[in-house]
Amino acid sequence: MTGYQGSIGIVVGSSVGPGELAATARNAEQFGFAQVWTAEDYFFTGGVAGLAITLEATDHIKVGTGVVSAVSRHPALLAMEFATLGVVHPGRVVLGLGLGLPLWMNQMGLRPTSQVATVGAATRIIRRLLDGDEVTTEEGGFSVEGIRLAYPGPGIPIHLGVMGPKMMALSADVADGTILSILCSPKYVRWARSVLGANHHITAFAIFNVDDDSELARHKVRHRAAFSLKRGRSPLTDAAGITDELTEFLAAKGAGALIDQMPDSWVDLMTVSGTANECIEKIRSLIEAGADQVALFPNPGPEAPILTQRAGESILPHFQNEGLTFS
């Protein structure tokens, strides 16, 4: 097959420790990945700090956050941070913005009344400040009075990390692109594309491990998959068609059994793991379902540099030869 309109990125941060960020990012740039995304899962590696480390470690690759919370920092501060990095690294910075996992938000006492109103307001405020406007507004729980950035960052794209239909509709309305959570299946990507429309940019995050030993690669992603699935039903599980089975599993065995006992079919459906050829087919299925970019999230984290290298050597060339666009 030829003529892909998409790209392949790498996700760093979270389970990737601060000491592995620079090496992973340099590998990604060397092998021709389209983008690096720095995750901010609380309380692991900082997203904005990781963004700065990654930008400094590389020369030209685009780098985005995947994602920072709209409520853990005031929108004016987020705008200031991203504008600062955008001025130093023009054309390379992408602001990935979301709400944050409810568990972590609750730990910090951050409970917005309306997720849609909060993320929508933050996005609008940040965009206006990045563009150099002076902003005064009261919306979405945020107060902004006469704020203007001394060093704005016009043109920095904002991509929203969202999951459900209401937040997806918001992203289509106010953002330049949408980031789909890890564990997104081709069916979920296809559904998201139907909501977001044909011209909206979609990045699909995917838990990733590649190894000549297919079973070993699948085993190594189970811990991260279990961490996400233990929360139970979500739009991701609904689209994948596993919600009823997951609900029964959790009721009968508990979340602790997921790592070792979840069906192999869930791992195959909702991760990019296995041999190089198996990973290639899974990436291809996400792109064909409507993803403009598939961002591989190496797991376990300490193996991120070597997994990025393996992907660069054994996976990217197949797509480059087939006409995948890396712009």
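The values are calculated or read from the model by the stated rules, or taken from the named source; none is laboratory data. For clarity, every value in this text was computed on a predicted model and none was experimentally measured. A quick note on method: Cβ atoms are made from the backbone with ideal geometry, for glycine too, and the neighbour counts reach across all protein chains shown. What goes into the accessible areas is simple: the full protein's heavy atoms, side chains included, and nothing from ligands, DNA or RNA. Shrake-Rupley method; radii C 1.70, N 1.55, O 1.52, S 1.80 Å.
Specify which residue in the list 217, 272, 109 is farthest towards the positive end of the charge dipole of the chain, using unit charges on the beta carbon of Lys, Arg (+1) and Asp, Glu (-1), about the Cα centre.
After comparing all options, I get 109.
For segment 42-77, run through the chymotrypsin sites (Phe, Trp or Tyr not before Pro) and keep only the ones in DSSP coil with at most 13 other Cβ atoms within 10 Å of their Cβ.
Numbers: sites: 42, 43, 44; in loops: 42, 43, 44.
The qualifying sites are 43.
Would you kindly calculate the mean projected area, averaged across all directions, of the convex hull enclosing the Cα atoms of segment 1-148, in square nanometres?
10.3
Taking the Cα centroid of segment 205-276 and of segment 34-48, what is the distance between the two, rounded to the nearest whole Å?
22
When DSSP assigns beta bridges and you keep just the ones with both residues in the chain, what percent turn out antiparallel, to the nearest 5?
Numbers: 4 of 41 bridges.
About 10 percent, rounded to the nearest 5.
Which value does Rg/Rh take for segment 80-129 over its C-alpha atoms, Rh per Kirkwood?
Working: Rg = 13.4 Å, Rh = 12.6 Å.
Reported Rg/Rh, Kirkwood definition of Rh: 1.06.
Evaluate the distance, in nm, between pseudo-label points positioned 7 Å from the Cα of residue 238 and of residue 134 along their respective Cα→Cβ axes.
In this crude spin-label approximation the distance works out to 4.5 nm.
In cubic angstrom, how much convex hull volume per residue do the alpha carbon atoms of the chain span?
Details: hull volume 39.4 nm³, N = 327.
Each residue corresponds to 120 Å³ of Cα convex hull volume.
Excluding residue 271 itself, calculate the net charge of residues whose Cβ lies under 11 Å from the Cβ of residue 271, where each Lys or Arg counts +1 and each Asp or Glu counts -1.
Working: positive: 218, 220, 222, 224, 282; negative: 264, 268, 278.
Cβ neighbours under 11 Å give a net charge of +2.
Could you tell me which of 184, 307, 162 has its Cα farthest along the dipole of the chain towards the positive end, charges placed at Cβ (Lys, Arg +1; Asp, Glu -1), taken about the Cα centre?
162
With every protein chain present, what is the per residue accessible area of the chain (1.4 Å probe, Å²)?
On the way: 13310 Å² over 327 residues.
Accessible area per residue: 41 Å².
Which value, in debye to the nearest 20, gives the size of the charge dipole of segment 1-153 about its Cα centre, when Lys and Arg are +1 and Asp and Glu are -1 at the Cβ?
Values: 9 positive and 13 negative charges, 36 e Å.
Here the size comes out at about 180 debye.
Based on C-alpha coordinates, I'd like the Rg and Dmax of segment 136-289, in Å.
18.6, 58
Average projected area of the Cα convex hull of segment 234-300, in nm²? Could the numbers behind the result be given before it?
On the way: hull surface 21.3 nm².
Average of the hull's projected areas for segment 234-300 equals 5.3 nm².
With a/c under 1.5 counting as rounded, go ahead and sort segment 207-327 into rounded, prolate or oblate using the C-alpha gyration tensor (a ≥ b ≥ c being the square roots of the eigenvalues; past the cut-off, prolate if a/b is larger than b/c, else oblate).
Working: a/c = 2.49, a/b = 1.63, b/c = 1.53.
Note, shape of segment 207-327 comes out prolate.
State log₁₀ I(q)/I(0) for segment 105-154 at q = 0.14, 0.15, 0.17, 0.18 Å⁻¹ as given by the Debye formula over alpha-carbon point scatterers of equal weight, solvent excluded.
Relative scattering, expressed as log10 I(q)/I(0), comes to -0.40, -0.45, -0.56, -0.61.
State the percentage of accessible surface on the chain attributable to carbon and sulfur atoms; use a 1.4 Å probe and exclude ligands, DNA and RNA. Could you put the intermediate results ahead of the total?
Numbers: 6890 of 13310 Å².
The nonpolar share, carbon plus sulfur, comes to 52 percent.
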